[in-house]
Amino acid sequence: MSLVQSVDHVALLPAYLAGGTAVLVLLVDLLVARPAVTVAVAATGSAVTALGAALAGTGGTRRTFCVGADCSWLYGGRAALVAVVFALLTLGVLALSGPLLRSGRVPVGEYCFLLACALTGGVVLGAAGDLITLIVALETLTLPLYVLVGLRRGSLAGAEAAVTFFVVSVVATTLTLLGAALLYAVAGSLHLDRLGATLAARDDLLDLPLTTVAVALVVAGLAFKVAAVPFHAWAPATYDGAPLPVAAYLSTASKLGGVVALLAVVERALPASVTGPVLAALAVLTMTVGNLVALRQRRTVRLLAWSSVAQAGYILAPLGALALAGGRTADARAGAYAAAVAYVVFFVLLELAAFAGVVALRPADGDGGTLADLSGAARRHPWVGGAFALALIGLAGLPPGLAGLFAKVTVVRALLAGHAGWLALVVAVNAVLGLAYYLRLAATLYAAPGPATARPGRAVALALGVATALAVLLGFAPQVVLEVAGR
């Protein structure tokens, strides 16, 4: 008996473009050996990938690599949104990397190739329909980052950060794979929708200790990727030791990948009655610890790293709301998932803009320095400082940073719709805590002048402006993001 399987190449187009970009960058670096051309090819490939991903997602959900009703690749509106965001983040990080690449301490070809490989993993991640594809895509996104963190020549801090990131990530991947293997032993399938249907139809499987252990391992492994407390300790040290553009990519693309993976298994495979309480507890711990520790930070990148930990808590909060009876209704569940995706989209744009501000105001190939090093920077560079301050205000959730304000309001509304008012209150209290350090950093930019800051490069200033402008524009049209995120 033969099994004929058709392949939808349109659905696979974004993966082809991202993978082709990586191969083309490698060939151009080998044959042409001109750094400017290599960077241009990587940037063009990222832009074309974003365009191809958007076009491929316009015809409804496309399915391929299917066995019966179970498909390993599902490309719809949400997968297209994820792919476009990954491509734009890669393009933005390439723009931020100009000073670093010109310093000569980072090989340009390898740097661009690794970014393109990470992009390929991110594009595949959004369309993954089974656990194996999901985990392989997540590792394809993460593996190049180990090297990127420690790629800077002569940097002991970078090497230490890379080793820390590698060891923690390997442990996280091992936990996730073990959990996936145990889920297969319980349900006999690795396809996400099939797993969800089997566990929903068989109450006896939920009572098995093996099922509880499997779910706990998968959630814990993915919680490492999003730096959720208590699986967060690697993030501040890794961000601070990495080159600034790589730290920006870690804080945005890597976190986006972890959230997309966690969202996929929670929404489609794992029972809300088991994952809901765990995610609610993780959300409360993550946002509270992240905000409290961020208050004490004096180094810029560590402050942004801890704030990124806190932001992960806001993203996990809508998923935790599914623990309550009201959160299991179809409308509340769809609202919770859409809120999580919309929040992470707004967050990564604002976070990229914040890191772009740090890159623009610090010396080429320098680290983030201390808050005092940025004192008065907005007085010397009004446009760059103003965009940086606007990004910080958006992360705090205050107007005129409408994107951040809308994101937090969306999360609170989803929690209230899911009958999780206590969790909405925790989010509101933590949002107030976050105001202290975001506004402190914004105020530092306009304080009395301190040490001279670097003159912003054109590409970095452009990336900062584009990221901030996108966040502002989406803040005026938030329903578009919510609509796409809900598909």
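We did not get these values from a lab; they are worked out from the coordinates using the rules stated. Since we're looking at a predicted model, the values are computed, not measured. In this analysis, Cβ positions are derived from the backbone assuming ideal geometry, glycine residues included, and neighbour counts consider all displayed protein chains.
On C-alpha positions alone, give me the angle between the axis of helix 458-476 and the longest principal axis of the chain, in degrees, nearest 10.
Taking Cα atoms only, the helix is inclined about 50 degrees.
Sort Val309, Val10 so the one with the fewest other Cβ atoms within 10 Å of its own Cβ comes first.
Working: Val309 26, Val10 16.
Taking fewest neighbouring Cβ atoms as first place, the list is Val10, Val309.
Just to confirm the number: angle between the C-alpha axis of helix 402-417 and the first principal axis of the chain, 0 to 90 degrees, nearest 10?
That works out to roughly 30 degrees.
If each residue's Cβ is checked for other Cβ atoms within 10 Å, how do His232, His9, His381 rank with the fewest at the top? Write out the running numbers ahead of the final one.
Working: His232 25, His9 11, His381 21.
Starting with the residue having the fewest Cβ neighbours, the order is His9, His381, His232.
So for the pair Leu206, Arg153, with labels modelled 7 Å out along Cα→Cβ, what separation do we get in nm?
5.9 nm
Using the Cα centre of the chain as the reference point, and only Cβ charges (+1 on K/R, -1 on D/E), how large is the resulting charge dipole? Debye, rounded to the nearest 20.
Here the chain has a charge dipole of around 1220 debye.
For the peptides 368-379, 25-36, what is the packing order when you average, over each peptide's residues, the other Cβ atoms within 10 Å and list the highest mean first? Present the calculation step by step, with values, prior to reporting the outcome.
Working: 368-379: 19.9, 25-36: 15.3.
Averaged packing, sorted descending, gives the order 368-379, 25-36.
So in the chain, which Cys have no other cysteine's beta-carbon sitting under 4.7 angstrom from theirs?
Cys with no partner Cβ under 4.7 Å: Cys112, Cys117.
Any idea what angle helix 35-56 forms with the longest principal axis of the chain, computed on alpha-carbon atoms, 0 to 90 degrees, nearest 10?
Taking the Cα atoms of the chain, the angle to 35-56 is about 40 degrees.
Using the beta-carbon distance between Val213 and Tyr16 and R0 = 51 Å, what value does 1/(1 + (r/R0)^6) give for FRET efficiency, to the nearest 0.05? Provide the component values of the computation, followed by the final result.
Details: r = 38 Å, r/R0 = 0.75.
The pair Val213/Tyr16 has a calculated efficiency of 0.85.
Estimate the FRET efficiency between Ala54 and Ala448 by the formula 1/(1 + (r/R0)^6), using the beta-carbon distance for r and 51 Å for R0, to the nearest 0.05.
Numbers: r = 46 Å, r/R0 = 0.90.
Calculated value: 0.65.
Tell me the mean residue ellipticity at 222 nm calculated for the chain from its helices only (DSSP H runs of n ≥ 4, each -39500 (n - 2.57), averaged over every residue, nearest 500). Let's see the in-between values first.
On the way: 22 runs with 359 residues, N = 487.
That comes out to -24500 deg cm²/dmol.
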